[in-house]
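Here it is, the structure in full.
The values are calculated or read from the model by the stated rules, or taken from the named source; none is laboratory data. Values in this document were obtained by computation on a predicted structure and should not be read as measured data. Don't worry about glycine lacking a Cβ; one is built from the backbone with ideal geometry, like all the others, and counts go over all protein chains shown. The area values use the complete protein model at the heavy-atom level, side chains included, leaving out ligands, DNA and RNA. Shrake-Rupley method; radii C 1.70, N 1.55, O 1.52, S 1.80 Å.
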Amino acid sequence: MIDGVDIKTLSEEEMAIKRRKEIGIIFQFFNLISFLTVEENVKLTAQLDGKEPSEEELNQIFDTLGLQNKRNAFIHELSGGQQQRVAIARVLVANTPTVLADEPTGNLDSQNTQIILDIFKHMKQLGKTIVLITHQHVANQADRIIYFKDGVIVDEL
């Protein structure tokens, strides 16, 4: 069940739409589209739902993530850390109630890692659910930590 809907009853297309609207995913390997600019990559998910992010919203996200001067760059022109921040910006623009993040700070320096963790904390304050798959030093800042081994919960803090 997601938001009161039994997802097993949905068609593949309905399921794709539900996922896009309800779950933002930050992939470990970014999944950015190489022939699109940074800005086009960031806006894509929202545009698939017929939304156009405002210039003010984009400016705030790009400023926060240190990407303002990279808006018109192509993905191959970015460092790994910049690509990761683009993937995070895409989820912020999509504004889904749930975010799944697989190693979202793995390619970032400590300063940018803290910026991203602060953004996640702010998102939580706005009522969003953040599920982070990460290293221990990052997990230590979470409200709740669940440890898995071989697909089974082995501990919870």
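What is the one condition in (1) more than 24 Å from residue 127 (Cβ to Cβ); (2) loosely packed, with under 13 Cβ neighbours inside 10 Å that residue 63 does not satisfy?
Result: residue 63 fails condition (1) only.
OK, next. Please give the number of the condition residue 80 fails out of (1) within 23 Å of residue 142 (Cα to Cα); (2) small (Gly, Ala, Ser); (3) modelled with pLDDT under 90.
(1)
If you don't mind, there's one more thing I want to ask. How many residues does the stretch 1-57 contain that are more than 18 Å from residue 131 (Cβ to Cβ), touching a residue at least 12 places away in the same chain (Cβ under 8 Å), assigned to a helix (DSSP H, G or I) and open to solvent by 80 Å² or more (accessible area, probe 1.4 Å)?
1
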